[in-house]
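Here's the structure we're looking at; comments come further down.
The values are calculated or read from the model by the stated rules, or taken from the named source; none is laboratory data. Quantities reported herein were computed from a predicted structural model and do not represent experimental measurements. Ideal geometry is used to build each Cβ from the backbone, glycine not excepted, and the neighbour counts take in all protein chains shown. Heads up: the accessible areas ignore ligands, DNA and RNA and are worked out on the full protein's heavy atoms, side chains in. Shrake-Rupley method; radii C 1.70, N 1.55, O 1.52, S 1.80 Å.
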Protein chains: 2
Amino acid sequence: MDDAAGRTRTERLAAEIAEAIVTGTLAPGSRLDEQALADQYGVSRTPVREALRQLGTSGLVEVRPRRGAVVAQVTAAQLADLFVAMAEIEATCARLAAQSMSPLERRRLDALHDAMGDLARTDDPASYARANTAFHGAIYAGAHNAVLSDFALSLRRRLQPYREAQFRLEGRLARSHAEHGAVVAAILAGQAVEAHAAMLRHVTLVESSVEGLLAREGVDEGGAARPVVPGTHGGARRQS
Amino acid sequence: MDDAAGRTRTERLAAEIAEAIVTGTLAPGSRLDEQALADQYGVSRTPVREALRQLGTSGLVEVRPRRGAVVAQVTAAQLADLFVAMAEIEATCARLAAQSMSPLERRRLDALHDAMGDLARTDDPASYARANTAFHGAIYAGAHNAVLSDFALSLRRRLQPYREAQFRLEGRLARSHAEHGAVVAAILAGQAVEAHAAMLRHVTLVESSVEGLLAREGVDEGGAARPVVPGTHGGARRQS
DNA sequence: GCACCGGAAATTGCATGCAACACAGCGAGA
DNA sequence: TCTCGCTGTGTTGCATGCAATTTCCGGTGC
């Protein structure tokens, strides 16, 4: 368990806290008490503070000067912005990928897409979700632009709690795979405009699918300031 | 001078160091010694460390575990990535702005563009640069998407040292204004695709203009790992 | 009953101190 | 002469302690 691995405590803390937020263990809006976190992870407040600042700039937590940090509250409006931004960035990556992916990258993307077809047919949401991350990651990488791909990855992380549940929707896997098919076809053919459009459609559909889920969970979508709670994934343990 | 203004030392430090980097006072690659910065600003190492971490996540400085922080070195390849990303994001914002700007926002954008015409004709690079920031900011805001506009602003900040010089190029102001004209026309007409294309063209032209400048300053553009130094703007003072 | 105000507890912001690691310089051996 | 290892110095990482601010809570006046 002691995988120090050369990294510093601050880094490990940032990673662990981020993980806890992304997986839903730390619910949005919950207070991040420095001393409590320090006790919990067996360190002092200093590395905790640095980790929180770091997560603050990346948007996962909100640090209010002299008033402590909380897990970032995402309102419906902000969630919509995040999804729109995600869709646009992904679509841009897809367009660039269509223009600049190497033949090897294209073959690998095609193979990955094929493999996901099997997962969709056997209806294995967990495996599909993992492969889905790899699929989109391959397209980010194929854009050959570190800045865009970093941003896409960070957006994906921030949206993680909200998109996980949707793969369990009936038939979502098959539809997702079909949408991917359009993206892959356009990229393989080097059709930039089509790749952009196909990806934009795909991610927008994911968004509406998530919105449907949230609405079903009783989230008032019109309300502006009300925070959106992601679907509960496993026990949301709280520290006393 | 003591404008504490409720903000914490860490925040002010982060802002000041960022300013120093953006304006070129702190040259890329220069070491950021914690104790030296602490002495320079009359604080202890703790807020300096936190500020550096913060700037680290936003990409302005590079923090290497146990090896100190340096002002982010931007290689030619990374600079190209930054400009491509900037162009794509700006173009996306322009497309969204064309779709969703309010009539009031459109009128203001038009007025701003008109005012910049005068600045371009009287050839006032400093004022034009300020107005230019406002112009692009108006388009980010017009996209009505906080995530995209934040990202665009942060990219703009990171590229600031590299784009400042280009307004001094002969005739660049007039050309910039003409390119803006195409963007504004498309946005006012609600033509999303044209707005995207016009903005992409504009920012790409800025990029090639900057690349021309850098090449003239003797930067080996083919070399991968060699860092690019921005044009010197004023006295690059060093701390002893 | 409600708003306002003052004091105590809690929590953050920051300074300081110590230990661990990185890097430079020097000397011994091949 | 070159390489390797050792030691010393400087810097970073982290723990701890104190001061300042916020927040909570009870009391008072309206």
I'd like the distance between the alpha-carbon centres of segment A:1-72 and segment B:44-110, rounded to an integer number of Å. 23
Taking the rotation axis that maps chain A onto chain B, which residue of A brings its Cβ closest to that axis, and at what distance in whole Å? A:T57, 2
Exam field: A:A36 pseudo-label spacings to other copies (7 Å along Cα-Cβ), nanometres: 4.2
Taking each label point as 7 Å beyond Cα in the direction of the beta carbon, state the distances from B:A189 to the same residue in the other copies, shortest first, in nm. 2.9
Using 0.36 nm per residue of separation minus the Cα-Cα distance, give me the extension gain between A:V193 and A:S208 in nm, one decimal. 3.1 nm
Once phi is turned into ³J(HN,Hα) by the Karplus curve 6.51 cos²θ - 1.76 cosθ + 1.60 with θ = phi - 60°, what whole-Hz value does each residue of segment A:93-100 show in order, with x for glycine and proline? 4, 5, 4, 4, 4, 4, 7, 10
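For A:E34 and A:A111 in the same chain, what is the full-extension length gain: residue separation times 0.36 nm, less their Cα-Cα distance, in nm? Don't skip to the answer; put the middle values down first.
Details: separation 77, 0.36 × 77 = 27.72 nm, distance 4.64 nm.
Gain in length upon complete extension: 23.1 nm.
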Taking the label point as lying 7 angstrom from Cα along the Cα-to-Cβ axis, what are the distances from B:D114 to the corresponding position in the remaining copies, in ascending order and in nanometres? 6.2
Tell me: how much accessible area in total is hidden between B and A, 1.4 Å probe, Å², nearest 100? 2400
Let me know the Kirkwood hydrodynamic radius for segment B:9-71, please, with Cα pairs as the basis and the value in Å to one decimal. 11.3
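Taking the Cα centre of segment A:9-71 as the origin, how large is its charge dipole in debye, to the nearest 20, when only Lys and Arg (+1) and Asp and Glu (-1) carry charge on their Cβ atoms? List each step's numbers first, then the result.
Working: 9 positive and 8 negative charges, 58 e Å.
Using Cβ point charges on Lys, Arg, Asp and Glu, segment A:9-71 gives about 280 debye.
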Place a +1 charge on the Cβ of each Lys and Arg in segment B:76-216 and a -1 charge on the Cβ of each Asp and Glu, then give the dipole magnitude about the Cα centre in debye, rounded to the nearest 20. 140
